[in-house]
1. Can you tell me how many residues in segment 11-51 are closer than 17 Å to Arg61 by Cα and in a loop (DSSP other than H, G, I, E, B)?
2. Residue by residue through segment 34-69, note down the ones that are surrounded by fewer than 16 Cβ atoms within 10 Å (Cβ to Cβ), within 32 Å of the chain's Cα centre (by Cα) and free of Cβ contacts under 8 Å to residues at least 24 places away in the same chain.
3. Name the single residue that is farthest from the chain's Cα centre (by Cα) among those in segment 70-115 being under 20 Å from Asn19 (Cα atoms) and among the β-branched types (Val, Ile, Thr).
4. Can you say whether His137 is in a helix (DSSP H, G or I), of a type outside the set (Asp, Glu) and modelled with pLDDT under 70, as far as the supplied structure shows?
5. Which ones in segment 102-128 are modelled with pLDDT under 90 and either hydrophobic (A, V, I, L, M, F, W, C) or in contact with a Gly (Cβ under 9 Å, 6 or more places away or on another chain) (or both)?
6. Which is under 16 Å from Phe15 (Cα atoms), exposed (fewer than 11 other Cβ atoms within 10 Å of the Cβ) and modelled with pLDDT of 85 or more, of Val131, Val90?
7. Among residues belonging to segment 116-128 that are under 8 Å from the mean Cα position of the chain (by Cα) and small (Gly, Ala, Ser), point out the one that is surrounded by the fewest Cβ atoms within 10 Å (Cβ to Cβ).
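The values are calculated or read from the model by the stated rules, or taken from the named source; none is laboratory data. Just so it is clear, the structure is predicted and the values come from calculations on it, not from any experiment. Counting neighbours? That spans all protein chains shown, and the Cβs are built from the backbone with ideal geometry, glycine included.
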Amino acid sequence: MMEFVLSDDPFCFRFQLSNTFYESSGQWWFSVDRVSVLYNTSEAAIFNATDVYAPASSSYRCLHVSSLQRYSGLLLPSTEHAQRWALTFVDFQIQAFNISSGKFSPASDCTTVLTPAILMGLITSLILLLVLAYALHMVVHLKHIEHDYQQKADIYFPQSPEQLEHCCEETFTVNNGTSDKQNVLKKGHS
């Protein structure tokens, strides 16, 4: 157990840290267990820290360590008086052990694997892949247009009503033996 005090008159911040060996990882880890806020040397608010830990050989860094839920709520009020406080450390970095030449060791960041931005990017990528797969499926099953065009008979599609009336008239020659007569018949009348 170790305590670290950061003072800025009239406030004083006391960090309670612990160092634990975990056999599963085979290394020592430090954690911030508690943060106390003192105002004019009297204890004002106590917060329990959650998920503020790192290997003892490195430092812990987080953009926001806060009691507010919008910043993941890493500091939980442990007293009724502390619930009236909102405590946020911006660009927070701490190292409890193995400090050399007064500089921080490489940091262990607090960022989660699935932030909202990463999650939305994954969902968007999935949608785009599905659209691409559907398009490729349609292209593979598309028949060759020229092949189908050559096998079909020519079909006339009239553009106006006048053309529609004239398209159904047929002109033909009837041979009567002695003279040729030209008859115009409309389809449907014989």
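1. Final tally of qualifying residues: 2.
2. Leu68, Gln69
3. The qualifying residue farthest from the chain's Cα centre (by Cα) is Ile99.
4. Working: in a helix (DSSP H, G or I): yes; of a type outside the set (Asp, Glu): yes; modelled with pLDDT under 70: no.
Against the criterion (in a helix (DSSP H, G or I), of a type outside the set (Asp, Glu) and modelled with pLDDT under 70), His137 does not qualify.
5. The answer is Phe104, Ala107, Cys110, Val113, Leu114, Ala117, Ile118, Leu119.
6. On the way: Val131 fails: under 16 Å from Phe15 (Cα atoms).
Being under 16 Å from Phe15 (Cα atoms), exposed (fewer than 11 other Cβ atoms within 10 Å of the Cβ) and modelled with pLDDT of 85 or more holds for just one of Val131, Val90, which is Val90.
7. Within segment 116-128, the match that is surrounded by the fewest Cβ atoms within 10 Å (Cβ to Cβ) is Ala117.
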